[in-house]
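Structure first, then comments.
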Amino acid sequence: MNKGKHFTRVCLDCGKVMENVAGNLRFCASCRRERHNQYCRDYRARNENATSVMWYTVWDAKTGDLLASGTSEMCARRLGYKSANSFASAVSHGLSGSHRTYKYTFARERIDRSEVDSLPPVRTIRKKPAGAPTPTSCKG
């Protein structure tokens with residue numbers, strides 16, 4: 001039994017005749033592999049360098065004084081948050097309206113990295129999450 005693969009198709013890239021293939025097959029195996037590799041190369045090139053960054057501005061809710069302005073790391077350090085993620089979470093909840101913020105007023109915008117000259121380079125190696133095993137830990 002040929003499992004429903006009884007079509008003869010021509011590859012759209014190279015013109016190779018493929019026999020006993022599925023009806024929706026458009027490319028031969030080598031062309032599919034090359035198209036996939038090209039897609040991966042394009043994806044990596046597109047996402048290798050971040051072109052924009054989130055810019056936060058924080059004011060005192062009562063007086064309206066500017067307290068901090070910068071990326072999440074800069075503002076978290078300035079306002080005493082434990083991490084940049086906790087600051088970003090507080091901003092997200094404060095802006096969505098799900099929680100009332102009494103202490104700070106937030107503004108968030110996306111700007112180009114080229115506009116800010118004091119930013120560190122983009123991190124290429126991601127940090128491991130907390131509690132992730134180290135490669136030298138014993139397996140037991």
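Bear in mind these aren't lab numbers, they're just calculated from the coordinates by the rules spelled out. Keep in mind it's a predicted model, so treat the numbers as computed, not measured. So basically every Cβ, Gly included, is an ideal-geometry build from the backbone, and we count neighbours across all protein chains shown.
Could you work out the local net charge near Ala84, counting Lys and Arg as +1, Asp and Glu as -1, over the other residues with Cβ closer than 11 Å to its Cβ?
+1
Looking at the stretch 7-46 from every direction and averaging, what is the projected area of its Cα convex hull in nm²? If you can, show how the numbers build up before the last one.
Numbers: hull surface 11.6 nm².
One quarter of the hull surface, i.e. the mean projection, equals 2.9 nm².
Under the 0.36 nm per residue contour assumption, what length would be gained going from the current alpha-carbon distance of Ser89 and Arg113 to full extension?
So the extension gain works out to 6.5 nm.
On a full-extension model of 0.36 nm per residue, what is the gain between Ala68 and Met54, subtracting their alpha-carbon distance, rounded to one decimal in nm?
3.7 nm
Tabulate in residue order the Karplus-calculated ³J(HN,Hα) for the stretch 12-21, using 6.51 cos²θ - 1.76 cosθ + 1.60 with θ = phi - 60°, rounded to whole Hz; enter x for Gly and Pro.
Coupling constants for the stretch 12-21: 6, 8, 9, x, 5, 7, 10, 9, 6, 10 Hz.
Relative contact order of the stretch 7-46: what whole-number percent is it, with Cα pairs under 8 angstrom and at least 6 residues apart?
31 percent
Count charges around Thr101 for me, please; just the other residues with Cβ under 14 Å from its Cβ, Lys/Arg as +1, Asp/Glu as -1.
Residues near Thr101 contribute +3 overall.
Can you give the three extents of the C-alpha atoms in the chain along their principal axes, from longest to shortest, in whole Å?
Cα spread of the chain along its principal axes, largest to smallest: 76, 45, 34 Å.
Leu67's amide H: which non-local residues (gap 5+, or another chain) put their own amide H closer than 5 Å, with H modeled 1.01 Å from N in plane and none for Pro or chain starts?
Val58, Trp59, Asp60
May I ask you to list the aspartates and glutamates whose Cα is less than 20 Å away from that of Lys128, ignoring any residue fewer than eight positions away on the same chain?
Glu48, Glu73
Taking amide H atoms as placed 1.01 Å from N in the peptide plane, list the residues 5 or more away in sequence, or in a different chain, whose amide H sits under 5 Å from that of Thr101.
Under 5 Å from the amide H of Thr101 lies no amide H from a residue far enough along the sequence or on another chain.
Can you give the net charge of the other residues whose Cβ lies under 14 Å from the Cβ of Asp42, counting K and R as +1 and D and E as -1?
+2
In cubic angstrom, how much convex hull volume per residue do the alpha carbon atoms of the stretch 31-105 span?
Values: hull volume 8.9 nm³, N = 75.
Each residue corresponds to 119 Å³ of Cα convex hull volume.
Please list, by residue number, every one of the chymotrypsin sites (Phe, Trp or Tyr not before Pro) in the stretch 20-126 that is coil in DSSP and has at most 16 other beta-carbon atoms within 10 Å.
Tyr102
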